[in-house]
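Reading through the C-alpha cells given below for one structure.
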Amino acid sequence: MTQAGENSRKSCVVIVDGSPLFREALARLLHADDDFGNVAETGDKQLGMFYIDRLQPDLVIVDMHMKKGAAIELLRYAKALHNPARVIMMTDRDDSEELMATVQLQAEGYLSKLIEVQELLSQIKRVCNGKVVVSNRLMAALTRAFRDDTGEVDRDLNCLTSREKDVLKCLSIGMSNQQTGEYLSIQLGTVKVHVKHILKKMGFASRTQAALWARDRGVTI
C-alpha cells in the first residue's frame, strides 16, 4: 500500500482494488500527474474504509468484483461522508447484475480495466471535474441492466417541460448540476428541482439511469 504527500489543492484519491498490479500501477499513474495530490491504495476493504475516513477523498476508485459485497460497502461508505466522495467502479467484465447494484447507489463512473492508460486517466479527471463517465464497452451492459430491472417501461419524453428536457440533455453527456446550471444560465437549486422532477416523471432510479436512457435514444446536446 502506498500514500502520497498531502496537497490540499489537488484531488485526493483512494484506490481499493484486489489486484496489486492494477492498483499500484494506477497509483503511480496518478502520482505522476500534477492534478492529483494524496493517493492511497490498498486491496483490503477495512483499510480502504480507514483511508476514506481519514483522508476524506475527492474520489474513490473501487474494484467492482471484490469479495463478499465489499465494493457495495465501500461505495456506500464513500457516499456517507459529510462531503460525499465521487466514486468510480472498475471492472474487467460486463456483469449486468453487479453494474445495476452500483448504479442504484449512484456511482459517478463505470470504467473498464481494459481501456488505454491515457483514456483511463482522462476519464478519471472528468469524474473529478464533476462529470459522469461510462466506458463504451460497459454502455451496452448498463443499458441492458436498466431494461432488465424496469422491464419495458413506457417512458414518454413529452411529459417533461422544455427546460426539463434541456437538463436531461445535459445529464446525458455527464454534466454535474453545477455545470448544467452554468450551461443553461439557471441557479443550482433550480437544476436540482428539475432533476428531481425528471426522475419522478420518467420513473428513473437515479440520474445515471436517466443519463444513459437519454444517451441511448439520442436525447443529447
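Of the numbered conditions (1) without any contact (Cβ under 8 Å) to a residue 24 or more places away in the chain; (2) assigned to a loop (DSSP other than H, G, I, E, B); (3) surrounded by 14 or more Cβ atoms within 10 Å (Cβ to Cβ); (4) more than 19 Å from the chain's Cα centre (by Cα), residue 166 satisfies every one except a single condition; which is it?
Just one mismatch for residue 166, condition (2).
Can residue 198 be described as free of Cβ contacts under 8 Å to residues at least 60 places away in the same chain and surrounded by 19 or more Cβ atoms within 10 Å (Cβ to Cβ)? Give the derivation first.
Working: free of Cβ contacts under 8 Å to residues at least 60 places away in the same chain: yes; surrounded by 19 or more Cβ atoms within 10 Å (Cβ to Cβ): yes.
Answer is yes for this residue.
Any idea how many residues of the stretch 48-68 are of a type outside the set (Phe, Trp, Tyr) and under 18 Å from residue 20 (Cα atoms)? Explain how you work it out, then say what you get.
Filtering the stretch 48-68 for residues of a type outside the set (Phe, Trp, Tyr) gives 48-49, 52-68.
The next check asks that each one be under 18 Å from residue 20 (Cα atoms); those that pass are 48-49, 60-67.
Counting residues in the stretch 48-68 that are of a type outside the set (Phe, Trp, Tyr) and under 18 Å from residue 20 (Cα atoms) gives 10.
Take the residues of the stretch 17-70 that are charged (D, E, K, R) and in contact with a Leu (Cβ under 7 Å, 6 or more places away or on another chain): which is surrounded by the most Cβ atoms within 10 Å (Cβ to Cβ)? Working first, answer last.
Restricting attention to the stretch 17-70, the residues satisfying the condition of being charged (D, E, K, R) are 17, 23-24, 28, 33-35, 41, 44-45, 53-54, 58, 63, 67-68.
Those still in the list that are in contact with a Leu (Cβ under 7 Å, 6 or more places away or on another chain) too: 33, 45.
Working: 33: 14, 45: 20.
If we take residues in the stretch 17-70 being charged (D, E, K, R) and in contact with a Leu (Cβ under 7 Å, 6 or more places away or on another chain), then 45 is surrounded by the most Cβ atoms within 10 Å (Cβ to Cβ).
When both residues are 6+ apart or on different chains and their Cβ atoms are under 9 Å apart, which pairs have a first residue that lies in the stretch 112-138 and is under 19 Å from residue 213 (Cα atoms) and outside the structural domain of residue 12 (by TED's automatic domain parsing), and a second that is at pLDDT below 95 and not in a loop (DSSP other than H, G, I, E, B)?
From the stretch 112-138, no pairs qualify.
Out of all the residues in the stretch 168-201, which are hydrophobic (A, V, I, L, M, F, W, C) and more than 19 Å from residue 134 (Cβ to Cβ)?
Taking the stretch 168-201 as the starting set, the residues that turn out to be hydrophobic (A, V, I, L, M, F, W, C) are 168, 170-171, 173, 175, 184, 186, 188, 191, 193, 195, 198-199.
Hits for the stretch 168-201 are 184, 186, 188, 191, 193.
Tally up the residues in the stretch 147-163 that are modelled with pLDDT under 90 and either in contact with a strand residue (DSSP E or B) (Cβ under 7 Å, 6 or more places away or on another chain) or not in a helix (DSSP H, G or I) (or both), please. Walk me through how you get there before you give the answer.
Just the residues of the stretch 147-163 that are modelled with pLDDT under 90, to begin with: 147-156.
Filter again for either in contact with a strand residue (DSSP E or B) (Cβ under 7 Å, 6 or more places away or on another chain) or not in a helix (DSSP H, G or I) (or both), leaving 151-156.
Adding up the residues that qualify gives 6.
The values are calculated or read from the model by the stated rules, or taken from the named source; none is laboratory data. No experiment lies behind these values; they were computed from the predicted model shown. When we count neighbours, we look across all protein chains shown, and the Cβ atoms used for this are built from the backbone with ideal geometry, even at glycine.
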